[in-house]
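S.K.: Mind having a look at this structure? Questions to follow.
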Amino acid sequence: MKILTILGARPQFIKSSAISNIINLKYKDKIREIVVHTGQHYDYEMSKVFFKEFKLKKPKHFLKISGLNHLEMTGKMIFMLDRVILKEKPDLILVYGDTNSTLAGAIASVKKRIPIAHVEAGLRSKNNIMQEEINRIITDRVSKLLFCPTVGAKKNLFKEKFNNFNEKKIFNFGDVMLDIHKRYSFSMYKKSKLNDYYLVTIHREENCEIKIIENIINNLEQLAKHRKILFPAHPRVKQILKKIIKSDKIIITEPMNYIKFGKAIYNSFAVITDSGGVQKESFFFKKNCFVLRNETEWSELIKKNYNVLINPLKKNFYRDIISMKLKKININYKPYGNGYASNRIIKSIYNNLLKKN
Ligand code: UDP
């Protein structure tokens, strides 16, 4: 049985490591995984570092598509993936999350009538103009096996009546990111010299508009007077940050590898981010997280008051961050399963394909 895994962005390299690991450990004789890298993220720190760190299989196809606008990028990816699919003739295509690579993979596969498995299905921010939201909805619509990370994600698919399409199968086995967190926790729960800072990441397109990023930076500069800030900068914001940040209490670094970044969360006081994955990882480390967005697809953590939404355009939002009474995280609350999602996902893929063949 042949699976074509389509990857392109940092969080996808990380998520795919959980599933690829199980294929290697338990399904080596039954499943052949071929990896395609679209090239969406290509810097060493955003891509290669994770292939090394997780000992990921080298992509057989590297499409080198980057630096284009959304439509050009997605269009070119669909065109090139079509050729890859024609050549490889996979039994199933595996896509992760909500990027342009996810959408392109889904469209190329459905046009070629290859079944699609979507890992991280059913998430909704309810912001219908957000690129990631559009990618999620279309990918879910054309996927056959939908692997939701939470109860809420599964409910979303039922609300949208995706369960009425009889070719679809919808599951909630938990979140693969928890599997990875558990697997590497022994190397991440380590004290470092620098501690008790705010850990910040920003990369959402909307937050990189100059008016918004300037407001965020102004607030971070005020916040840094109160507590240090550690800021591993995504390539999208690096140049802007270097130009406008004045405070030496804001430590800007290159993007980190997964373990180093995990240690950075562990040693922080709290996290400030617009990342999807980092919102959850903060919770895994029992840290509170300020989410620089007006809505989030990881709403369960907001409902619990573990994470707090912050409007990135609000003047002086740093005052809210300083004065907010943070809620202690209950270790018995487990919205993301118990760390065995990837095992169950690959078992389900295998059983479903076996029935078809
Ligand atoms: N991450 C990392 N190094 C960093 C920042 C983030 O390894 O310097 C990891 C983080 O642990 C999480 C993932 O990148 O697993 C989140 O990716 P990103 O924020 O780029 O995308 P999103 O989750 O918003 O789709």
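S.K.: Distance between the C-alpha centers of region 1-74 and region 123-148? Whole Å please.
M.R.: So the two Cα centres are separated by 20 Å.
S.K.: Expressed in nm to one decimal, what extension gain is obtained for the pair residue 328 and residue 316 from 0.36 nm per residue of sequence separation less their Cα-Cα distance? Intermediate values should be presented prior to the final figure.
M.R.: Working: separation 12, 0.36 × 12 = 4.32 nm, distance 2.48 nm.
In short, 1.8 nm is gained.
S.K.: While we're here: Would you compute, from DSSP H runs of 4+ residues alone, the mean residue ellipticity of the chain at 222 nm, taking -39500 (n - 2.57) per run and dividing by the full residue count, rounded to the nearest 500?
M.R.: On the way: 14 runs with 158 residues, N = 357.
Theoretical 222 nm ellipticity from helices: -13500 deg cm²/dmol.
S.K.: Calculate how steeply helix 100-111 sits against the longest principal axis of the alpha-carbon atoms of the chain, using the helix alpha-carbon long axis, and give the answer as 0 to 90 degrees to the nearest 10.
M.R.: Taking Cα atoms only, the helix is inclined about 20 degrees.
S.K.: Just in region 36-85: which GluC sites (Glu not before Pro) are loop by DSSP and have at most 10 other Cβ atoms within 10 Å? Could the numbers behind the result be given before it?
M.R.: Numbers: sites: 45, 53, 72; in loops: none.
Listed in order of number, the matching sites amount to none.
S.K.: May I ask you to derive the relative contact order of region 60-117, considering only C-alpha pairs under 8 Å and at least 6 residues apart, and to give it as an integer percent?
M.R.: Values: 57 pairs, mean separation 20.5, N = 58.
It rounds to 35 percent for region 60-117.
S.K.: In addition: With every protein chain kept in place and ligands, DNA and RNA left out, what is the accessible area per residue of region 61-116? Probe 1.4 Å, answer in Å². Write out the running numbers ahead of the final one.
M.R.: On the way: 2590 Å² over 56 residues.
Spelled out: the 1.4 Å probe surface of region 61-116, per residue, equals 46 Å².
S.K.: For the chain, what value does the Rg/Rh ratio take when both radii are computed over Cα atoms and Rh is the Kirkwood radius, given to two decimals? Before the final figure, lay out the partial values.
M.R.: Numbers: Rg = 19.9 Å, Rh = 20.8 Å.
Dividing the radius of gyration by the Kirkwood radius yields 0.96.
S.K.: Can you tell me the 0 to 90 degree angle between the C-alpha axis of helix 210-223 and the longest principal axis of the chain, rounded to 10?
M.R.: Taking Cα atoms only, the helix is inclined about 50 degrees.
S.K.: Averaged over every viewing direction, what's the projected area of the C-alpha convex hull for region 96-236? Give it in nm², one decimal, please. Could the numbers behind the result be given before it?
M.R.: Details: hull surface 45.2 nm².
Its average projected convex-hull area is 11.3 nm².
S.K.: Next question. Suppose the chain between residue 112 and residue 2 were pulled fully straight at 0.36 nm per residue; how much longer would it get relative to their current alpha carbon spacing?
M.R.: Numbers: separation 110, 0.36 × 110 = 39.60 nm, distance 1.52 nm.
Taking residue 112 through residue 2 to full extension adds about 38.1 nm, to one decimal.
S.K.: Using modelled backbone amide H atoms (1.01 Å from N, in-plane), which distant-in-sequence or interchain residues come within less than 5 Å of residue 92's amide H?
M.R.: It is 2, 4, by chain and number.
S.K.: Report, to the nearest 10°, how far helix 10-26 tilts away from the longest principal axis of the Cα atoms in the chain, using its own Cα long axis and a range of 0 to 90°.
M.R.: Rounded to the nearest ten degrees, it is 50.
S.K.: Now for a separate question. When only C-alpha pairs under 8 Å and at least 6 residues apart count, what is the relative contact order of the chain, in percent? Walk me through the intermediate numbers first.
M.R.: Numbers: 647 pairs, mean separation 57.1, N = 357.
Reported relative contact order: 16 percent.
S.K.: Treating only the Cβ of Lys, Arg, Asp and Glu as charged (+1, +1, -1, -1), what charge dipole size does the chain show about its Cα centre? Round to the nearest 20 debye.
M.R.: About 940 debye.
S.K.: Further question on the same structure: To the nearest whole percent, what portion of all C-alpha pairs in region 1-151 is separated by more than 20 angstrom? Intermediate values should be presented prior to the final figure.
M.R.: On the way: 4993 of 11325 pairs.
For region 1-151, the fraction of Cα-Cα distances above 20 Å is 44 percent.
S.K.: Considering only C-alpha atoms, what is the centroid distance from region 258-336 to region 165-225, in Å?
M.R.: Using only Cα atoms, the two centres lie 8 Å from each other.
S.K.: Between residue 191 and residue 304, what is the label-point separation in nm under the 7 Å Cα-to-beta-carbon projection?
M.R.: According to this spin-label approximation, the distance is 2.6 nm.
S.K.: Can you give the net charge of the other residues whose Cβ lies under 10 Å from the Cβ of residue 335, counting K and R as +1 and D and E as -1? Please list the in-between numbers first.
M.R.: Numbers: positive: 280, 303, 304, 334; negative: 175, 300.
Charge balance in the 10 Å sphere: +2.
The values are calculated or read from the model by the stated rules, or taken from the named source; none is laboratory data. Because the structure is predicted, anything quoted here is derived from the model rather than measured. Methodologically, a virtual Cβ is constructed for each residue, glycine included, from the backbone with ideal geometry; neighbour enumeration extends over all protein chains shown. Heavy atoms of the whole protein, side chains included, go into the accessibility calculation; ligands, DNA and RNA do not. Shrake-Rupley method; radii C 1.70, N 1.55, O 1.52, S 1.80 Å.
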